[in-house]
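Participant: Sending over a structure as structure tokens; questions will come in a sec.
Please treat every number below as a calculation from the coordinates, not as lab data. As the structure is a computational prediction, the values presented were derived from the model and not from experiment. Heads up, the Cβs are rebuilt from the backbone with ideal geometry, glycines too, and the neighbour counts pull from every protein chain shown.
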Amino acid sequence: MKKKQLINRIIQMAMVLFGISLVTFALTYLSPGDPVRTMYASSGMMPNEEVIQQTREALGLDRSFFVQYWCWLKDCLSGYFGISYTAKEPVADVILLRLGPTLKLAFMSLIVMLIISVPFGMLAAVKQNKAIDYIIRGTTFLGVSIPNFWVGLILLYVVALKFKLLPVISTGDGIEKMILPVLTLAFAMSAKYTRQVRTAILEELNQDYVIGARARGIKESTILWRHVFPNALLPLITLLGLSLGSLLGGTAVIEVIFSYPGLGNLAVSAIMAYDYPLIQAYVVWIALIYMIINLLVDISYRYLDPRVRERA
């Protein structure tokens, strides 16, 4: 990616972040409920109206929308996202504390998914329209159709409650406490990626260079692993980037089911407690991470695909 293209992408990311921050702040501003009353109620006390009004003024919640947004935006640009109403700590510290467990959960789920989907996808492509292909396609269709939270509840009941093989609550410490949430997230992804790998391998197997390699007497395994597999992986890189972004921001239901201390669980708790600074910072952070991942995927194409380098 050229320097000018990189600068343009960064400018586009900044504009998107500005729009996301404005919409997020507006939605929290217009949302029903009083965060001050909720904050006092969560601490087990309910002061009189005078104290509530003083607290609202101290937090700046009595100001107009644009004044509140401008003050918040200036603080965000300096790296300060405010103080969490519930944790009574800087929002950035609270998010960074939960980011590590979510990253661990996301990467472990991706690794398990790749271990399952790549060999089964290649096997289904090589054995196209045979019994094993129909079995794999039927299983993946079932996997794509089942919601993640339902899989999580079934695993929780059967593995943790019925047979007591694994702990019910996943604190993120130790492999045994990561197995159930990782398997839950990897289940649906494996079904989707197995179908994607199968499709990509079949497209490459029908290319002219494969026919030429077979005509020259090259082994089928050599063609598959040295030529077909690397070319088939290129379109999957974009999907992996999107999946990583989705795992970082969209695992709230799974984290709540298993009581996992990640960003998703934190976001749900913040929404329930009307913790506006935490909600706003969470959305902005997730959007930023998502866009950075997509940018890195685009940059990686230049190094992985010679055709992109030649056009550049």
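Participant: Per 0.36 nm of contour for each residue apart, how much would the distance between VAL158 and TRP70 grow if the chain were fully extended, relative to their Cα-Cα spacing?
Facilitator: Values: separation 88, 0.36 × 88 = 31.68 nm, distance 5.09 nm.
Between VAL158 and TRP70, full extension yields an extra 26.6 nm.
Participant: Taking +1 at the Cβ of each Lys and Arg and -1 at the Cβ of each Asp and Glu, which of VAL118, SER145, PHE187 sits farthest along the dipole of the chain towards its positive end, judged by Cα position relative to the Cα centre?
Facilitator: VAL118
Participant: So, one more: Once you keep just the Cα pairs under 8 angstrom separated by 6 or more residues, what percentage relative contact order results for segment 3-91? Don't jump to the answer; show the numbers that get you there.
Facilitator: On the way: 33 pairs, mean separation 16.5, N = 89.
Result for segment 3-91 is 19 percent.
Participant: With contacts defined as alpha carbon pairs under 8 Å and 6 or more residues apart, what's the relative contact order of the chain in percent? Walk me through the numbers on the way to the answer.
Facilitator: Values: 317 pairs, mean separation 81.0, N = 312.
Relative contact order comes out at 26 percent.
Participant: Along the charge dipole of segment 3-91, which of ALA41, GLN68, GLY19 sits closest to the positive end, that is, farthest toward it, with unit charges on the beta carbon of Lys, Arg, Asp and Glu (+1, +1, -1, -1)?
Facilitator: GLY19
Participant: While we're on this one: In Å and whole numbers, how far do the C-alpha atoms of segment 15-172 stretch along each principal axis, longest first?
Facilitator: Computed over the Cα atoms, the extents are 74, 44, 27 Å.
Participant: Write out the trypsin sites (Lys or Arg not before Pro) in segment 1-107 meeting two conditions: DSSP loop, and at most 12 other Cβ atoms within 10 Å of their Cβ.
Facilitator: LYS2, LYS88
Participant: Under a crude label model (7 Å from the Cα following the beta-carbon direction), how far is SER259 from ALA14 in nanometres?
Facilitator: 4.6
Participant: Once you've got the GNM for the chain with C-alpha springs shorter than 10 Å, pick whichever of LEU183, LEU295, LEU30 has the biggest mean-square fluctuation.
Facilitator: Result: LEU30 has the largest fluctuation of those listed.
Participant: Next question, about the same structure. I want to check the label-to-label distance for TYR80 and LYS104. Put each point 7 Å from Cα in the C-beta direction and report it in nm to one decimal.
Facilitator: For TYR80 paired with LYS104, the spin-label model returns 3.2 nm.
Participant: In a Debye calculation with equal point scatterers on the alpha-carbon sites of segment 120-226 and no solvent, what is log10 I(q)/I(0) at q = 0.09, 0.23 Å⁻¹?
Facilitator: Debye intensities relative to I(0), on a log10 scale: -0.37, -1.13.
Participant: Taking Rh as the Kirkwood radius, which is the inverse of the mean 1/r over Cα pairs, what is the Rg/Rh value for the chain?
Facilitator: 1.07
Participant: Would you kindly state how much longer the chain becomes between TYR209 and MET272 on full extension, computed as 0.36 nm times their sequence separation minus their alpha carbon distance, in nm to one decimal?
Facilitator: This chain segment gains 17.0 nm when fully extended.
Participant: Turning to a different aspect of this structure: How large is the dipole of the chain about the Cα centre if only Lys and Arg carry +1 and Asp and Glu carry -1, each at its Cβ, rounded to the nearest 20 debye?
Facilitator: For the chain, the charge dipole is close to 1500 debye.
Participant: Hey, another quick one. Mind giving me the FRET efficiency for GLU176 and LEU97? R0 is 30 Å, r the Cβ-Cβ distance, nearest 0.05 is fine.
Facilitator: Plugging the Cβ-Cβ distance into 1/(1 + (r/R0)^6) gives 0.85.
Participant: Spin-label point model (7 Å from Cα, Cβ direction): what's the ILE132 to LEU27 distance in nm?
Facilitator: For ILE132 paired with LEU27, the spin-label model returns 4.6 nm.
Participant: Between ILE218 and SER300, what FRET efficiency follows from the Cβ-Cβ distance if R0 is 25 Å, with the result rounded to 0.05? Let's see the in-between values first.
Facilitator: Details: r = 28 Å, r/R0 = 1.13.
So, using R0 = 25 Å, E works out to roughly 0.30.
Participant: Here is a further query. Any of LYS4/LYS192; LYS2/LYS219; LYS130/LYS192 with alpha carbons more than 30 Å apart? Name them for me. Show your work: numbers first, answer last.
Facilitator: On the way: LYS4/LYS192 36 Å; LYS2/LYS219 39 Å; LYS130/LYS192 20 Å.
Table pairs above 30 Å Cα-Cα are LYS4/LYS192; LYS2/LYS219.
Participant: Hey, what D do you get for segment 87-149 in µm²/s if you plug the Kirkwood alpha-carbon radius into Stokes-Einstein at 37 °C and 0.692 mPa s?
Facilitator: Translational diffusion coefficient: 224 µm²/s.
Participant: What number results when the radius of gyration of segment 3-91, computed over Cα atoms, is divided by 2.2 N^0.38 Å?
Facilitator: Ratio of Cα Rg to 2.2 N^0.38 Å: 1.38.
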